[in-house]
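Written out below as C-alpha cells is the structure these notes cover.
The values are calculated or read from the model by the stated rules, or taken from the named source; none is laboratory data. In this text the structure is predicted, and so the values were computed from the model without any measurement. Glycine gets a Cβ as well: all are built from the backbone with ideal geometry, and neighbour counts include every protein chain shown.
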Amino acid sequence: MRGGWKTAMRVFDDRMLTALEGQMGENIEGIMIKRGWQYFKNGYVQSAKETTSDILTGIVQGTELYAVVIDAEQFRYSKCTCPYGDYCKHMVAVYFYYVAFREGEEAAEASYFRLLGLAPASKLAKPEKKEESGQLALFEVGVGNPGPSGSPEEWFSWMETEYGESFRKCRHSLHALQPVLSALKGTSREWEKPMQRLHWLASIAFTLEQAERAILTVDSFSRYYHEMSFLRMAEPWLEHGFSLLSELEPLEMGEAELHWAEALTDRAKHRAMIAERQLFDWPMLYLAYCEVMSLRRDWFDRELAALLAAAERKEPQNDDSFLHAAAGMFYFLDGDDDAAIAQFSQSAFERTQKLIYPCVAQRMEAGKWEAAKQWMAYLFERVHAARNARNIGPFMTLCRRADEDRPQEEIWASYMIGLLPYSFGDLSEHWLNVKRYEDWADLQMLVGAKMEELDAAALREVAKQSPESLLPIYHQSIEANIATRNRQGYRIAVKQLKKLEKLYKGLKDAERWDLYVASIMGKYQRLRALQEELWKGKIGV
C-alpha cells in the first residue's frame with residue numbers, strides 16, 4: 001500500500017468518525033463506495049491529514065493527483081479536485097484509509113460492508129467459498145432479510161433479530177449505533193427512491209428505539225450527562241429523518257408505500273403515547289408524520305377518530321395530555337380553531353405550549369386575526385397563571401408581532417403590561433421599536449428605573465426623537481438619588497440635574513428649569529451636603 005499510516009494525525013473523536021460513516025452512507029452512491037474501496041485497497045491514497053476536529057484532507061493518485069477535503073460536520077462542503085463534480089470515489093478512498101489507520105483494516109472492511117448493506121462470508125452460518133481473487137465473498141446482511149417486497153412489520157422483526165441487543169454496547173455513548181444505522185440503510189441502497197426513503201425512516205426509528213433502551217440502563221445519578229451525550233449523537237439522525245419526511249408525497253403513494261407510511265406513523269404514535277419520560281420528543285416526530293399524511297383526507301379522519309377514542313378511554317398507560325394535544329393539532333390543521341383550543345385546554349400546558357405558539361404564528365401570518373385573538377386569549381390565561389421570566393418569551397414575541405401588525409388593537413399591549421414585571425425587558429424594547437417614546441418613559445417610571453441604569457443608546461434615541469418624554473424620568477431619578485441621603489447619591493443627582501438643564505434649554509423652556517431648580521433647593525435646604533454638591537456643580541448659582 002502506497003503512503004504511510006504516519007501521515008495521518010489523530011484529531012477526530014469517535015463521535016465524528018461514526019457521524020462521518022453515516023454521512024458517507026447517506027450521500028454517496030453504492031457504485032462510488034465500491035470504486036473508492038478498490039482505490040483504497042490498491043494503495044492509491046498517498047496521504048491523509050486532519051486539519052481540524054472535523055476536517056479530513058487527503059491526496060489520491062488517480063489519472064493525476066487529486067486533493068480531497070471531507071467535512072464531517074457539514075458534509076455538503078466536502079469536495080475533490082477531480083472533474084467528477086460530485087461526491088466521488090477519491091473521497092471514499094480517503095475515508096477508508098483513515099478508518100484503517102484508526103481502527104485497522106478489518107474495521108475499514110466492516111465499514112465498507114455496512115455502507116453497502118453487505119456482510120463478509122466469514123460471518124454467515126454457511127459461508128460460500130472465497131472468490132478466486134482472494135477477497136471475501138459478499139452477501140446481504142443477515143440471511144433472509146425481507147428485501148424490497150417485505151412489509152414494515154417483517155422488516156422491524158428482522159431488525160430486532162439482527163440488532164435488537166445493540167443498545168447494550170452503548171455504555172457511555174451511542175457510537176455503537178451508527179454502524180447499525182449505516183448497515184440498515186445499506187440494505188435498501190439499490191431500492192427505488194420512494195421505498196428507500198420509507199425504509200431509511202424505519203431504520204432511523206429502530207435506531208432511536210435502541211437509544212431509548214440504552215438510556216434505561218443508565219443510573220439516575222448520571223442520566224442527565226448521558227442524555228446530553230446521546231442527544232448530540234442522535235441529532236444528525238433526527239435531522240435526516242425530518243428531511244426524509246419532507247420528501248414524502250402521500251398523494252402519490254401506492255398501496256405498499258402507504259402501508260409503510262402508516263406503519264411508521266403508528267410506531268411513532270405508540271412511542272408518543274408512553275407516559276414515562278423518554279429521551280426523544282416522540283410526540284413531535286409523530287406530529288411531523290401526521291402533517292405529511294394529513295394530505296390524505298381518509299387517513300386524516302381515521303387518525304383523528306382514533307386519537308379521540310384513545311383519549312376517551314383514559315387508559316393509565318397512555319399519555320392523555322399527548323392525545324388531546326395531538327387531536328388539537330389535527331383540528332388546527334383542519335381549520336377548526338375552537339375545537340383545537342378545546343383539546344389543548346385538556347392537555348398539560350407546560351408540555352404542549354411549544355406546539356401552540358407556531359399555530360398562533362401561522363394564523364397571524366395568514367391574516368386570520370379573529371382566530372389569532374382566540375388563541376392569544378387562551379395563551380394569556382395559561383401564561384399569566386404561571387408567569388416567570390423564563391416562560392413568557394414566546395408569548396411576548398407573538399404580542400410584539402401582533403402589536404406591530406395591528407397597532408390599533410390595544411389588547412396586545414394590555415397582555416404585555418399584564419405580565420409585568422417579567423415582561424419589562426421585552427416591553428421596553430418593543431416601545432422603542434415602535435417609537436412609542438412616552439409609553440417607554442412611563443414604563444421606566446412604573447418600575448422605578450434610575451437614569452444611570454438605563455441603556456445609553458436608548459437614552460440617546462429618546463432624547464433625539466422625544467426629549468420631553470425624558471423629563472419625568474429625570475425628575476424621578478433625581479429624587480430617588482437624593483433620597484439615598486449620602487454624598488455619592490447627591491453627586492449623581494447633581495450630574496443628572498446638569499443633563500436635565502441641557503434638556504430644558506434644548507426645549508427652550510428655561511423658565512420651567514429655573515422653577516424646578518428653585519423647588520429642589522427649597523425642598524432640601526436643610527441637606528447641607530446636597531447644597532454643597534449643588535454649589536460645586538453650579539446648579540442654581
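Scanning the stretch 173-217 for residues that are under 26 Å from the mean Cα position of the chain (by Cα) and among the charged types (D, E, K, R) turns up 185, 197, 209, 212, 213. Highlighted here are the helices (runs of 4 or more DSSP H) found entirely within the stretch 447-541 that include at least 3 residues which are surrounded by 18 or more Cβ atoms within 10 Å (Cβ to Cβ) and not small (Gly, Ala, Ser): 471-482, 487-506, 510-523, 528-536.
May I ask you to say which residue of 272, 306, 348, 366 is surrounded by fewer than 17 Cβ atoms within 10 Å (Cβ to Cβ), of a type in the set (Gly, Ala, Ser) and under 26 Å from residue 155 (Cβ atoms)? Full working, then the answer.
Details: 272 fails: surrounded by fewer than 17 Cβ atoms within 10 Å (Cβ to Cβ); 348 fails: under 26 Å from residue 155 (Cβ atoms); 366 fails: under 26 Å from residue 155 (Cβ atoms).
The match here is 306.
Every residue, every condition in (1) hydrophobic (A, V, I, L, M, F, W, C); (2) in contact (Cβ under 8 Å) with a residue 24 or more places away in the chain; (3) at negative phi, yes or no:
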| residue | (1), (2), (3) |
| --- | --- |
| 235 | no, no, yes |
| 255 | no, no, yes |
| 265 | no, yes, yes |
| 274 | yes, yes, yes |
| 279 | yes, yes, yes |
| 297 | no, no, yes |
| 300 | yes, yes, yes |
| 307 | yes, no, yes |
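When residues in the stretch 148-189 are screened for being touching a Ser or Thr at 6+ places or on another chain (Cβ under 9 Å) and of a type in the set (Val, Ile, Thr), 2 of them pass. Among the conditions (1) surrounded by fewer than 16 Cβ atoms within 10 Å (Cβ to Cβ); (2) farther than 27 Å from residue 272 by Cβ, residue 354 misses just one, which is (2).
So that you can scan it fast, the table gives a plain yes or no per residue for (1) buried (at least 19 other Cβ atoms within 10 Å of the Cβ); (2) at pLDDT 95 or above; (3) not assigned by TED's automatic domain parsing to the domain that holds residue 170:
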| site | (1), (2), (3) |
| --- | --- |
| 214 | yes, no, no |
| 233 | yes, no, no |
| 258 | no, yes, no |
| 263 | no, yes, no |
| 277 | no, no, no |
| 286 | yes, yes, no |
| 290 | yes, yes, no |
| 302 | no, yes, yes |
| 313 | no, no, yes |
